[in-house]
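The values are calculated or read from the model by the stated rules, or taken from the named source; none is laboratory data. Computed from a predicted structure; not experimentally measured. For neighbour counting, all protein chains shown are included, and Cβ atoms are generated from backbone atoms with ideal geometry for every residue, glycine included.
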Amino acid sequence: MRARMPLTALLATTAAVGGSLLSAGTAPAATTIEVGTAAQLKTALGSAKPGDTIRLADGTYTGNFKTTAAGTAAARVTLTGSSKAVLTASGGYGLHLNGASYWTVSGLTVTGGQKGIVIDAAKGVIVDGVTVHDLDMEGVHFRDSSTDGVIRNSRIYDTGNDGRGMGEGVYVGTANTLTDRSDRVQIVGNTIGPDVGGENVDIKEGTTGARIVGNTFDGSGLTGANYDDSWVDVKGDDVLVQDNTGKNTTNDGYQTHTQQSGWGCGTVFKGNKSTLTNATGPTRLAIDVTNSGAGCATTVYADNTVTGGKGLTNIPVTP
């Protein structure tokens, strides 16, 4: 009689063989999808698989474009085109990544509609080298606990055209709630403004670890409708604001606030250059810290500079 294989060995062998067959049989091959019409784009967004690249031909794509398909950390989904590939909406969102983790969106233009690019409940989304403009409200919004996102090398201008002062360039989190943990969002190397109807960057309470580095801000569109009188307003925790350049503000360059108890703390300012010439607000500081004290430290380094206005900051400067 032939000896039987021990049960544990049999299970291990079966799992190994089955796993390899499953991998070989079901792993989708990454493909490049060439897109030239709005209908093709909607189909591609709906059926995208990890590793796929959706490449847009130059032209106008009219509508609201949305995906819920996710990539993986090892196999991102890429949506790419030149600045002449233009997503144009007449309302709603131009591009909505809803639960669509690990996407890279690069090169294209988003215009029209209520909001430009909205990232909801998604991890690791990278927005790179896009142009976003001519919107009723904000340009790019990371929300619903979208973590580890990046917006870089992009241009955002002409937002907030509905006149309500809700036209932030980049918006992280959700106002008046602590449940939106859109943490560790990086805002790097962008040009934001002119004609942005809210702050160029707004970091909301409940979010932690944002990085705002190497951007160029122009606040000439600030309306003051919702206390937007600075390029950047920090209400989240442990935010780094470094090596940015700003001009044209109604009041301050950068502000920190405690909108919810215990939040708006731990911000670090390094190497920022602020021009406050022609500012007319009451404080006119490069860095206006409204909430520094025991248990809620803010650090302003001496390598920050200011031209015009009433001074650099209202807290002691760290050498």
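General remarks:
- For Gly224, the conditions (1) surrounded by fewer than 24 Cβ atoms within 10 Å (Cβ to Cβ); (2) under 19 Å from the mean Cα position of the chain (by Cα); (3) touching a residue at least 40 places away in the same chain (Cβ under 8 Å) are fulfilled apart from (2).
- Within segment 183-203, restricting attention to residues that are surrounded by fewer than 21 Cβ atoms within 10 Å (Cβ to Cβ) and not in a strand (DSSP E or B), the residue that is nearest to the chain's Cα centre (by Cα) is Arg184.
- Taken over segment 232-248, the residue count meeting the criterion of being within 12 Å of Ser274 (Cα to Cα) and touching a Ser or Thr at 6+ places or on another chain (Cβ under 6 Å) is 4.
- Residue match in segment 273-296 (condition: of a type in the set (Lys, Arg), surrounded by fewer than 18 Cβ atoms within 10 Å (Cβ to Cβ) and under 17 Å from Val232 (Cα atoms)): yes
- Test for Gly94: is it over 13 Å from the mean Cα position of the chain (by Cα) and either assigned to a strand (DSSP E or B) or not small (Gly, Ala, Ser) (or both): yes
- From the list Ala38, Ala30, the lone residue that is small (Gly, Ala, Ser), touching a Phe, Trp or Tyr at 6+ places or on another chain (Cβ under 9 Å) and either over 22 Å from Arg155 (Cα atoms) or modelled with pLDDT under 95 (or both) is Ala38.
- Criterion violated by Ala89 - all others in (1) at positive phi; (2) out of contact with any Leu (no Cβ under 8 Å at 6 or more places or on another chain); (3) small (Gly, Ala, Ser); (4) buried (at least 20 other Cβ atoms within 10 Å of the Cβ) satisfied: (1)
- Which listed residue is at pLDDT 95 or above, surrounded by 18 or more Cβ atoms within 10 Å (Cβ to Cβ) and over 15 Å from the mean Cα position of the chain (by Cα), from Asp237, Asp180: Asp237
- Taking each residue of segment 171-182 that is in contact (Cβ under 8 Å) with a residue 60 or more places away in the chain and within 19 Å of Gly198 (Cα to Cα) and looking for partners that are hydrophobic (A, V, I, L, M, F, W, C) and crowded, with 22+ Cβ neighbours inside 10 Å with beta-carbon atoms closer than 6 Å, six or more apart or interchain, yields Val172/Phe142; Val172/Val185; Val172/Ile203; Val172/Ala210.
- Any hit, segment 147-161, residues being in contact with a Pro (Cβ under 9 Å, 6 or more places away or on another chain), buried (at least 21 other Cβ atoms within 10 Å of the Cβ) and among the aromatic types (Phe, Trp, Tyr): yes
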